[in-house]
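S.K.: Pasting in a structure now, in structure tokens, and then I'll have a few things to ask.
Read-outs throughout are calculated quantities, based only on the coordinates presented, and are distinct from any laboratory measurement. Not measured: the values here are computed from a predicted model. Cβ sites come from the backbone with ideal geometry, for glycine too, and all protein chains shown count toward neighbours.
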Number of protein chains: 2
Amino acid sequence: MRLNFLAFSSLAIAVFLVTATLHPRSMRADEATVSYPDGYRAWTFLHGSVVPSGFGGFSKLPCVKPCTNGIFYFYANEPAMQGLRTGAYADGAVIAEEMLELKLGEKGNGGEGHRVLTAVMVKDSRRYAATGGWGFGNFDEGSKANTLDSKAQQACFQCHIVRKDQGYVFSQYAER
Amino acid sequence: MRLNFLAFSSLAIAVFLVTATLHPRSMRADEATVSYPDGYRAWTFLHGSVVPSGFGGFSKLPCVKPCTNGIFYFYANEPAMQGLRTGAYADGAVIAEEMLELKLGEKGNGGEGHRVLTAVMVKDSRRYAATGGWGFGNFDEGSKANTLDSKAQQACFQCHIVRKDQGYVFSQYAER
């Protein structure tokens, strides 16, 4: 179960990175129907995943093996938490992820750097019917304008399709 | 400011690791006055820090440079959040940290493994007057028994003293 989770997380991040790379910053936002998740830092923290240097935002940084340069943190609002528990996501559910720089020291220790981006998936069955009821957004550091147009959001969805039986959500929540 | 935060985080973790190493699992708990932070996963997530292989719990794992084998997540309950905003911590404030295995793949990607430990600092001005009003606890995976006796808690406090002006707390909260 844990291995499946890690595999799914890696797959989701890999597709996200590919999508982000394919759609440069200059792309026009898609009418801002997916909005910035204000207050997500106070939502429930789900899990983290470290990010390799293959991500475009880190291309100018030195690669010190194993070349980890960032970290994703995932958060869920209360409707999304209910969905994570039941498998059914009501309209209004939002899962947010933020990617920060991860600075590793020579001895393998390390901590957070600045925020590189925030991304979301927002449940609205009617508005986002073409993508499983989820709208997808990406917000570069310092911006609340969604950089993903409908084509990019469709690319997000094409990855999430493999999780149809889990409401198209990769994240899981462990009580511990 | 960010650099100070990272430096303090590294210092706090370093002292925690030394303390944990000096006090093996067989040490008698200190009358369990510091209790396990039930429900901390639903508290506000503060930040993360990756952990080097120098930590005893990882001594049997292979060290692949830069030898990062774990990750700390820090959480604050609502009284602690008020303290983080104001600098004054009321009795009942609790900051919890958990350390999970961090599994890095060959390409620098990675995700969480199992939980290795949970640790806390609990504010009770009267009960823990000898350590700045904070009681310290460490709970190994699968246990709710504090492994830190009064001597070990004093060692925790000796590190936290440098943060007297911040209520003895290393953690900070970034809204982002």
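S.K.: Determine the alpha carbon to alpha carbon distance for each of A:K103/B:K103; A:K164/B:K103; A:K103/B:K123 and list only those over 25 Å.
M.R.: A:K164/B:K103; A:K103/B:K123
S.K.: By the gyration tensor of its Cα atoms, with a ≥ b ≥ c the square roots of the eigenvalues, what is the shape of the range A:82-147: rounded for a/c under 1.5, prolate for a/b over b/c, or oblate?
M.R.: oblate
S.K.: Still on this model: Hey, what did the range B:97-162 get for relative contact order, percent, Cα under 8 Å, at least 6 apart?
M.R.: Reported as a whole number, the value is 22 percent.
S.K.: Give me A:E141, B:E101 sorted ascending by neighbouring Cβ count inside 10 Å, so fewest comes first.
M.R.: A:E141, B:E101
S.K.: I would also like to ask the following. What distance in nm lies between label points placed 7 Å from Cα along the C-beta direction at B:D140 and A:D38?
M.R.: 4.9
S.K.: Could you please report the charge total around A:L84, scoring K, R as +1 and D, E as -1 over all other residues with beta-carbon less than 13 angstrom from its beta-carbon?
M.R.: Charge balance in the 13 Å sphere: +2.
S.K.: Please state the shape class of the range A:123-176: rounded when a/c is under 1.5, otherwise prolate if a/b exceeds b/c and oblate if not, all from the C-alpha gyration tensor.
M.R.: Values: a/c = 2.04, a/b = 1.24, b/c = 1.65.
Verdict is oblate for the range A:123-176.
S.K.: Here's something else I'd like to know. For B:H114, place a label point 7 Å from Cα along the Cα-to-Cβ direction in every copy; what are the distances to the other copies, in nm, shortest first?
M.R.: Ordered by distance, the counterparts are at 4.1 nm.
S.K.: Here's another thing I want to ask about it. Once you average over the residues of A:112-119, how many Cβ atoms of partner chains fall within 10 Å of each Cβ?
M.R.: Across A:112-119, the average partner-chain Cβ count within 10 Å equals 2.
S.K.: Right, here's the next one. Just counting partner chain Cβ atoms within 10 Å, what average do the residues of peptide A:38-50 show around their Cβ?
M.R.: The per-residue average across the peptide is 5.
S.K.: Which residue of chain B is nearest the rotation axis onto chain A, counting by its Cβ, and what is the distance in whole Å?
M.R.: B:F45, 2
S.K.: Related question: In what order do B:C156, A:C159 fall by count of nearby beta-carbon atoms within 10 Å, going from fewest to most?
M.R.: A:C159, B:C156
S.K.: In which sequence would A:K164, B:K103 go, from the one with the fewest C-beta neighbours within 10 Å to the one with the most?
M.R.: A:K164, B:K103
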